[in-house]
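K.L.:
Just passing along the structure, written as structure tokens.
All of the numbers you see were taken from the coordinates with simple rules; none came from a lab. Please read all numbers here as calculations on a predicted model, not as lab measurements. All Cβ positions, even for glycine, are placed from backbone atoms using ideal geometry, and neighbour counts span all protein chains on display.
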Amino acid sequence: MQYIYLHGFASSPNSAKALYLRDRFAECNIQLQIPDLNQGDFSHLTITRQIHQVTTEFFLPGRPVTLIGSSLGGLTAAILAQKYAQVEKLILLAPAFGFLSYWLPTLEAEKIQRWQQEKYLPYHYGEGKFLPLSYDFVKDAAQYQENAWQRPVSTLILHGKNDEVIPVQASREFTKSRPWVQLVELPSDHALGNVLPEIWQAIHMFCQLP
């Protein structure tokens, strides 16, 4: 089994969750692969590019995969599970279901219009600086609609009850019509930073790790 962690939007492989889980997996003598989904070019990030990167660099023929995804990385992981049968388990941390419907309204209408016209929007990147993000990110994301996803992949979702970015209701709706999905609601926000030991315990049990 190969274990791959997909970080969130404007985040990186050096995020607190990524490093914490990397270390916990290492204690089980398992290497957690953590690709840099920004690829040194955050400005041209798209979900489609992330999917291509993960499958090209990390999917090996005949080797089963467990994907762990945080926020937008969780959405990407769920898409990969629909497309590739070798994905046998999914662990989604505050997955960005309904991403555009929740995220775009946080931007001013004037800013969105200017983004469409000028093609790039300065966006706050995880390393404490603003980088331009292409509007192609929005156009690409619009094609991925989770309503039709019905491949029964064993899935664990961990979502904060006080998530201010992607409400826990998004995960509740996703779980409702999919009996193969288990939702655990935690006393946390979108970052899930205060419940990392609980997250690891749930992952450890779900994956039946040594």
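K.L.:
Please label the shape of the range 1-69 as rounded, prolate or oblate, based on the square roots a ≥ b ≥ c of the eigenvalues of the alpha-carbon gyration tensor (a/c under 1.5 means rounded; beyond that, a/b larger than b/c means prolate, else oblate). Before the final figure, lay out the partial values.
P.N.:
Working: a/c = 2.75, a/b = 1.24, b/c = 2.22.
In terms of gyration-tensor shape, oblate.
K.L.:
Just for the range 2-207, what percent of DSSP beta bridges are antiparallel, to the closest 5?
P.N.:
Details: 6 of 30 bridges.
Close to 20 percent.
K.L.:
So which lysines can Lys89 reach, going by Cα to Cα under 29 Å and dropping same-chain residues fewer than 8 places off?
P.N.:
Qualifying lysines at Cα under 29 Å: Lys17, Lys139, Lys161, Lys176.
K.L.:
Taking Cα centroids, how far is the range 168-195 from the range 3-18 in Å?
P.N.:
The range 168-195 and the range 3-18 have Cα centres separated by 18 Å.
K.L.:
To continue, here is another question. Test of understanding: ordering Lys17, Lys129 by Cβ neighbours within 10 Å, fewest first, what list do you get? Provide the component values of the computation, followed by the final result.
P.N.:
On the way: Lys17 22, Lys129 8.
Going from least to most buried by this count: Lys129, Lys17.
K.L.:
Cross-link candidates for Lys83: which aspartates and glutamates have Cα within less than 17 Å, leaving aside residues fewer than 8 places away along the same chain?
P.N.:
Of all the aspartates and glutamates, those that pass the test against Lys83 - Cα under 17 Å, at least 8 places apart if same chain - are Glu57, Asp140, Glu146.
K.L.:
Now for a different question. Based on other C-beta atoms within 10 Å, arrange Tyr3, Tyr20 from fewest to most.
P.N.:
Details: Tyr3 22, Tyr20 15.
Fewest-to-most ranking of Tyr3, Tyr20: Tyr20, Tyr3.
K.L.:
What aspartates and glutamates sit close enough to Lys119 to cross-link, taking a C-alpha to C-alpha distance under 13 Å and skipping anything fewer than 8 places away on the same chain?
P.N.:
Asp136
K.L.:
A further question on this structure: How far is helix 72-83 tilted, in degrees, relative to the longest principal axis of the Cα atoms in the chain, given as a value from 0 to 90 rounded to the nearest 10?
P.N.:
70 degrees
K.L.:
Enter the angle in degrees (range 0 to 90, nearest 10) between the Cα long axis of helix 109-118 and the first principal axis of the Cα atoms of the chain, meaning the one along which they spread out most.
P.N.:
That helix lies at roughly 80 degrees to the long axis.
K.L.:
Could I ask something else about it? Kirkwood Rh and Cα-based Rg: tell me the resulting Rg over Rh for the chain, rounded to two decimals. List each step's numbers first, then the result.
P.N.:
Details: Rg = 16.5 Å, Rh = 17.4 Å.
Result for the chain is an Rg/Rh of 0.95.
K.L.:
Could you give the size of the charge dipole of the range 54-210 about its Cα centre, using +1 on the Cβ of each K and R and -1 on the Cβ of each D and E, expressed in debye and rounded to the nearest 20? Before the final figure, lay out each step's value.
P.N.:
Values: 13 positive and 15 negative charges, 85 e Å.
Using Cβ point charges on Lys, Arg, Asp and Glu, the range 54-210 gives about 420 debye.
K.L.:
Quick one: angle between helix 196-207 and the longest Cα principal axis of the chain, in degrees between 0 and 90, rounded to 10, please.
P.N.:
60 degrees
K.L.:
Between the range 21-56 and the range 129-148, what's the alpha-carbon centroid distance in Å?
P.N.:
18 Å
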